[in-house]
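Everything on this sheet refers to the single structure shown next.
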Amino acid sequence: MSRIVYVNSDYLPEEEAKISIFDRGFLMADGVYEVTSVLGGKLIDFDGHVARLNRSLGELDMAIPLSRDELLAIHRELVAKNDLVDGMIYLQITRGAPGDRDFVFPDPETCTPTVVMFTQSKPGLADSPAARAGISVISIPDLRWQRRDIKTVQLLYPSMGKMLAKAAGADDAWLVEDGLVTEGTSNNAYIVRANRIITRELSNHILHGITRAAVLRFAAEAQMEVEERAFTIAEAQAADEAFITSASAFVMPVVRIDGTALGDGTPGPVARRLREIYLEESRKAAI
Ligand code: PDD
């Protein structure tokens, strides 16, 4: 059975879904996106994702085409139509298709945004073997643009980073700028030293992760110490633990950085505990 996807108000089998070759998402990467995870058929951190989506649209002078309630209804409809139990919903909004290629933004009165959404089924998403074993990362220079706080679809460099990691026999890459880790290719980065959780402070240099916000809140509630500051790869290699967070990975332990094993090379207690708390609390709050 083919997937049912959403394109500009229509629900269609994926083979029938079409957008214009003039779409600015396709020609210029002029679009934003969100990835919301689904566990047990329910949406995790939905309102956080909508809030960040609206902020991304605002930063790019794009109109908000759908309200929170309309987006929720479409997300739920896609879950139902595709019998999605565990997985993700991908949402992309572009500035639309003006009918020709032009660097100048089209008139929003005549060019309406393109809205595309689809499901990705990942049975057992919350119970991945990677979470039990931990992942390895390499470091690479952060060559992305300076507005990483906007969740745009310009993902070529993160894709290249994942390929560099793969070629090096690792699972992912951490990006380094001015000697300091910014974040992972598609996740936020953390280390743990003497039970203190350290992660880079929010700025335009990183994406403001929705999972990050939830995890830091749960950590504070569990009386764990959190320090928001940047760290080097050397400090990370000497740390007790490391981990990443994202909507699709939740809290994922990192056990090796540039070939150096952290501690005994297995996931540490802080990352394991945070993953448990995050999954438990998020499932409870899922809608
Ligand atoms: N990526 N940093 C970057 C660069 C990201 O692309 C992501 C998410 C995050 C984590 O954000 P959140 O916790 O809101 O998912 C941090 C998504 C999952 C992706 O591109 O598939």
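Taken together, the residues in the stretch 74-88 that are within 9 Å of Q120 (Cα to Cα) and charged (D, E, K, R) amount to 1.
Taken as a whole, the condition of being in a strand (DSSP E or B) and buried (at least 18 other Cβ atoms within 10 Å of the Cβ) does not apply to P267.
Yes/no matrix, rows are residues, columns are (1) closer than 26 Å to L155 by Cα; (2) in a strand (DSSP E or B):
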{"site": "S203", "(1), (2)": "yes, no"}
{"site": "A213", "(1), (2)": "yes, no"}
{"site": "I244", "(1), (2)": "yes, yes"}
{"site": "V254", "(1), (2)": "yes, yes"}
{"site": "Y278", "(1), (2)": "no, no"}
{"site": "R283", "(1), (2)": "no, no"}
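Listed here are the strands (runs of 3 or more DSSP E) enclosed by the stretch 1-79 that have at least 1 residues being within 16 Å of the ligand (Cβ to nearest atom) and at pLDDT 95 or above: 31-39. Is it the case that the stretch 205-214 has a residue that's more than 18 Å from D149 (Cα to Cα) and modelled with pLDDT of 95 or more? Within the stretch 205-214, none of the residues are more than 18 Å from D149 (Cα to Cα) and modelled with pLDDT of 95 or more. Return the pairs, sorted by first residue and then second, in which the second residue is assigned to a strand (DSSP E or B), the first residue lies in the stretch 133-151 and is without any contact (Cβ under 8 Å) to a residue 12 or more places away in the chain, the beta carbons are less than 9 Å apart, and the residues are 6+ apart or on different chains. Short answer, once both residue conditions are applied: W145/T152. Identify the residue in the stretch 198-232 that is charged (D, E, K, R) and surrounded by fewer than 20 Cβ atoms within 10 Å (Cβ to Cβ) and, among all such residues, is nearest to the ligand (Cβ to nearest atom). Checked the stretch 198-232; the qualifying residue nearest to the ligand (Cβ to nearest atom) is R200.
With the condition kept exactly as written, say whether any residue in the stretch 88-107 is at pLDDT 95 or above and in a helix (DSSP H, G or I). No, every residue in the stretch 88-107 fails to be at pLDDT 95 or above and in a helix (DSSP H, G or I).
The values are calculated or read from the model by the stated rules, or taken from the named source; none is laboratory data. Predicted model, so just to flag it, every value in this text is computed and none were measured. When we count neighbours, we look across all protein chains shown, and the Cβ atoms used for this are built from the backbone with ideal geometry, even at glycine.
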